[in-house]
1. Of Tyr268, Thr287, Leu302, whose Cα points farthest to the positive end of the dipole of segment 233-303 (charges on the beta-carbon: +1 Lys, Arg; -1 Asp, Glu; origin at the Cα centre)?
2. Would you calculate, for the chain, the mean residue ellipticity at 222 nm contributed by helices, counting each DSSP H stretch of 4 or more residues as -39,500 (n - 2.57) and dividing by all residues, to the nearest 500?
3. What Kirkwood hydrodynamic radius do you get for segment 149-281 when you take the inverse of the mean 1/r over all pairs of distinct Cα atoms, in Å?
4. For the chain, which semi-axes, largest first and in whole Å, follow from the square roots of 5 times the eigenvalues of its Cα gyration tensor?
5. Quick check: net charge around Leu40, other residues with Cβ under 10 Å of its Cβ, Lys/Arg +1 and Asp/Glu -1?
6. State the extension gain, in nm to one decimal, for the chain segment bounded by Asp638 and Gln299, taking 0.36 nm per residue of separation less the distance between their alpha-carbons.
7. With a point put 7 Å past each Cα toward its Cβ, work out how far Glu46 is from Lys68 in nm, to one decimal.
8. About its Cα centre, what dipole magnitude does the chain give when the only charges are +1 on Lys and Arg Cβ and -1 on Asp and Glu Cβ, stated in debye to the nearest 20?
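Here, each number is a calculation from the coordinates, and none is a lab measurement. As the structure is a prediction and not an experimental result, all values here were calculated from the model. Virtual Cβ from ideal backbone geometry, glycine too; neighbours counted across all protein chains shown.
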Amino acid sequence: MKILDTLQNQLKKEPNYITDNGELKKWVIISKAQSYDPELIELLLEDKDVKDNFFIEVKGALVFNQSKFIHFLEQKNYLNDSYTSYKNKVGLNIDGKYLKQRNEVSLVFPFKDCILEGGQSREEDKREEIFFNEILAQDEITQLLEPKVLTNSKRYTTNGETPLIKFNRNEKGNITDNLIIKGNNLLALHSLKKEFTGKVKLIYIDPPFNTGNDSFKYNDSFNHSTWLTFMRNRLIVSRELLKDDGLIFINIDDIEEAYLKILCDEIYGIENFINIIAVKSSTPSGTKTAHRDKTIIKQKDLILVYKKGGSVLLNPQYTKRDKWDTHYSLLLEKDNNDEYVLNKLVDRLKELQLISINGKLDEVNIDNKEFKEFYLKNADKICRLQSHKNLDADKISRTKKNEVYEHKVDGLSKGLYYNGQVITPLSQGIKRVYSNQKFVNDLAMLLCDFWSDIDFQNTQNEGGVSFPTAKKPETLISRIIELSTNENDIVLDFHLGSGTTCAVAHKMNRQYVGIEQMDYGENDSVKRLVNVINGEQSGVSKAYNWNGGGDFVYFELKKFNQYFIDKITTSNNSDELLIVWDEMKLKSFLNYNVDIKNQEKHIEDYKRLSLVEQKQHLIEILDKNQLYVNLSSMDDEDFNCSDEEIIITKEFYQKK
Ligand SMILES: C[S@@+](CC[C@H](N)C(=O)[O-])C[C@H]1O[C@@H](n2cnc3c(N)ncnc32)[C@H](O)[C@@H]1O
């Protein structure tokens, strides 16, 4: 143990060998040892114990025992490796307790403690995902998740695109800009930690549902575990970004819902589960119904809702009633003595010819213009009788047979009563509801956990971008934002897709952060948000009187080896791959144990591999810690960071 501590202390004297978290960058040290880096050797020689351990004397000359040194570091990695210790235990356990000894339901799946980088960048690509714990040890994963350098940053305003000079911050120093981030969502979330921990009010995500036909194209043979790992990694870090009274809404369907519920119970705590909302997302028609004699056709999406932990205050939402509530059958009027009396509503409606000759309230058309004007104008007079719990009022009112009685306490009115029942005016059931692209006050019902009133059919071109299979209606997102946030709260979506969440947040005056890693070209979220600031009128624009304005900041995570992975993945043949390999030799970071000369020596063998194997091999030899440029490596010349990148990155992380 002693030599490990001594070595660590000695190595930590060199700032370039330490991560932001104060841990050793073993991969850097190992690669420096591979090339007999003079500075490393000098540092090792400074300490007597280290010198005695890793150098041998031959005829008066000191020789660096490179293999022993590297082996030593690797072995220490191995001992720290979380997956290995996980696998080594016989039986599955949580917190060191075997499942058999625990009473709760738990989701245990293979590779649960690994990191799924999930680097797919084009929908059509399929990727055999790398399970990082098979390759990297735990402390190396820490570097994978280190904050990244920002690149290609710009500000979009109504005047177009301008270079980003700085972020806007409030008096507390918090960023107040809307952000659209392009890059791997797991790594982007980790990069947001410093600036956004505990600040986000709402997370809405609409991840791939893992239907088998969607864009979740990783490891078919291990698909279910892969999906759970993918979700788990992202849910854990994103939870940290939530405020204490923050909420997460996860849009999903029944394929993964039950598993996701258990996973979320584990991450959020079962006591923080709020509800699962069922949203009617399609109508049974066309090819969808072809198998109706073999299965039950799916018609709904589900939205899992959790709170972070603190108490939350929701803004209850209402939906428009489509029928008259026949309980409202009375009219409260004053007689000649200025006393309240109750008359029949139907009689008045007949007088005004607003009701059929049958005089049935349930036949009345509530959208009839004249009738609507009548009931909105008379909402305080139209009423129903209901039971109640005010015993005093009950008692007195029963003594005043067939009289309207106003119950007062200390001179203040506590409501009207009639024969022991309370008189409830229609006005209590009139709320702000969404109708014909506008918010209006109308007859309403409280929205609970079943939302059947959202139009999923006509959203194809919302925002001026097309996203045929997966775009969510703006009205769905605006309802979630209304329910759970207030103006200027921060909304986060790390599966941004076509940008619906941010487009709606922008129109509703919420601050937002959107992350997307896929390249959607012409239908990118940036294009949609540019349309929004220019005042596009689809979706919920009319409801929020949206006429354009505002701005947003765009940036990417600076790619390094990910650039090569993208190139390898999209190569069509061996020749293209060989060109990528030539570039990799010059510019990429290869795993420390890859010898380029050996690679070249066996190039003919390599060419004999299938295209898939050739791709797999090239991806395998890349150092996965260097997919994106780490903040701690920004000043390292090898990564070629421009002055602009350095300025904006420092600004973002508030680094001197
Ligand atoms: C259904 S879309 C979200 C659509 C979005 N709500 C909207 O209205 O436009 C699914 C999201 O999951 C992400 N996603 C899908 N497959 C993925 C994969 N294999 N790896 C990483 N992210 C993926 C996509 O990038 C997209 O942002």
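1. Working it through, the farthest residue towards the positive pole turns out to be Thr287.
2. Per the formula, -10000 deg cm²/dmol.
3. One over the average 1/r among Cα pairs gives 17.2 Å for segment 149-281.
4. Values: eigenvalues 766, 142, 119 Å².
They are 62, 27, 24 Å, listed from largest to smallest.
5. Numbers: positive: Lys32; negative: Glu14, Asp37, Glu39, Glu42.
Local net charge: -3.
6. Values: separation 339, 0.36 × 339 = 122.04 nm, distance 5.33 nm.
Additional length available on full extension: 116.7 nm.
7. Going by the 7 Å Cα→Cβ label model, 2.2 nm.
8. Taking the Cα centre of the chain as origin, the dipole is about 1940 debye.
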